[in-house]
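These notes concern the structure reproduced below.
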């Protein structure tokens, strides 16, 4: 029996050296040291031995079992390392391939339009002046020749705050007086600035109007500035922004802070002048209001209207983006729909 134990150990270790897979290892375990293995069967036959032989056989059998179990654990570790090495080799990264770039965001279409505005107006000698979104009623209306109870206030549905005389500005024109007073040298320096920013009006949302929207105000103040300067400046801007052949028209209008006043229209590129719901079937889309700065506004800004004159305009970047890219609904700009935004 002792010789059989020794032969079993020798044979089991020899067979184990040829095991290279987890399945074969499990089969080896079942053959030699499992519940139905050869070593287990020999231990069950100990009853046939004499009392003197049993302790000697039992000790040797336990030694053999310990050797085989240790060999099994070592072989299992080796197979695990081999499997890991194979997985790493089969899934190895080819470092010669170009890396995958991290996805980056894009500029909002309104931001792109505003930056184009900055480039054009900068080339034409206008500097950018950032005015505040939260304004006083005085700066937004009164200083612009719109006193309390003036009917022109009904043209703009205003967001009022709980603080008296504090509102969300309804137009970037609210920054005109601040720009004149801060940059005009107490009414002694000519001035050319554009004032971009967000405006807020409590009005119905449609395909061409929103409760929040960008505007860009512009003012030019100097001596002997005329309406022809305004028309020529605006026409040049439109040709640069849209195309050299863009059609423009000017319509007489009314704004309390300019006199005379006019609206500026561009031919609707969506319908080619035929008429659609965006241009209200007129073939033209209003993009700006403008006019010669009212003497009262000049005076409130620190300029003497007897010596100085100027023009002002306010245009909507979103409406102009509608035209430039053939977008049919202004509500897309604030819907946060990536299908729309990722096109830019």
Starting from the 7 Å offset along Cα-to-Cβ, what nm value, one decimal, do you get for the label separation of residue 111 and residue 83?
5.0 nm
Ranked highest first by average number of other Cβ atoms within 10 Å, how do 264-274, 44-54 line up?
264-274, 44-54
Quickly rank 99-110, 326-337, 294-305 as a protection proxy: mean count of other C-beta atoms within 10 Å, highest first.
294-305, 326-337, 99-110
With r as the distance between the Cβ atoms of residue 62 and residue 21 and R0 = 30 Å, compute the FRET efficiency 1/(1 + (r/R0)^6) and round to 0.05.
0.55
Where in the stretch 317-334 is the amide nitrogen less than 19 Å from a point lying 7 Å along the Cα-to-Cβ axis of residue 128?
317-321
Below 8 Å between Cα atoms, with a sequence gap of 6+, how large is the relative contact order for the chain in percent?
15 percent
Springs between alpha-carbon pairs under 10 angstrom, Gaussian network model over the chain: which of 312, 12, 220 fluctuates most?
12
Suppose each label sits 7 Å from its Cα in the direction of the beta carbon; what would the residue 163-residue 209 distance come out to in nanometres?
2.9 nm
With springs connecting C-alpha atoms under 10 Å apart, model the chain as a Gaussian network and identify which of 261, 90, 290 has the largest mean-square fluctuation.
90
For 251, 201, order by how many other beta-carbon atoms lie within 10 Å, fewest first:
251, 201
Using Cβ counts within 10 Å as a stand-in for footprinting exposure, how do 258, 206 rank, fewest first?
206, 258
Could you give the alpha-carbon Rg of the stretch 258-305 over 2.2 N^0.38 Å, rounded to two decimals?
1.69
Would you compute, from DSSP H runs of 4+ residues alone, the mean residue ellipticity of the chain at 222 nm, taking -39500 (n - 2.57) per run and dividing by the full residue count, rounded to the nearest 500?
-12000 deg cm²/dmol
Against the 2.2 N^0.38 Å scaling, with N counting residues, where does the stretch 35-120 land? I'd like the Cα-based Rg ratio to two decimal places.
2.90
So, for the Cα atoms of the stretch 36-86, Rg and Dmax in Å stand at 16.0, 53
Once the piece of chain linking residue 339 and residue 150 is laid out straight, how much longer is it, given 0.36 nm per residue of separation minus the C-alpha distance between them?
63.6 nm
For the stretch 109-192, the Rg and Dmax computed from alpha carbons only, in angstrom:
15.0, 42
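How big, in percent, is the set of alpha carbon pairs in the stretch 109-341 lying more than 28 Å apart? Mind showing how you got there, number by number?
Details: 7743 of 27028 pairs.
Taking all Cα-Cα pairs of the stretch 109-341, the fraction more than 28 Å apart is 29 percent.
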Fewest first, what order do 73, 238, 120 take by the number of other Cβ atoms within 10 Å?
73, 120, 238
With each pseudo-label sitting 7 Å past Cα toward Cβ, what's the residue 227-residue 251 distance in nm, one decimal?
1.7 nm
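Rule-based calculations on the coordinates, nothing more; no lab input. As the structure is a prediction and not an experimental result, all values here were calculated from the model. Note: ideal-geometry Cβ built from the backbone for every residue, glycine included; neighbour counts use all protein chains shown.
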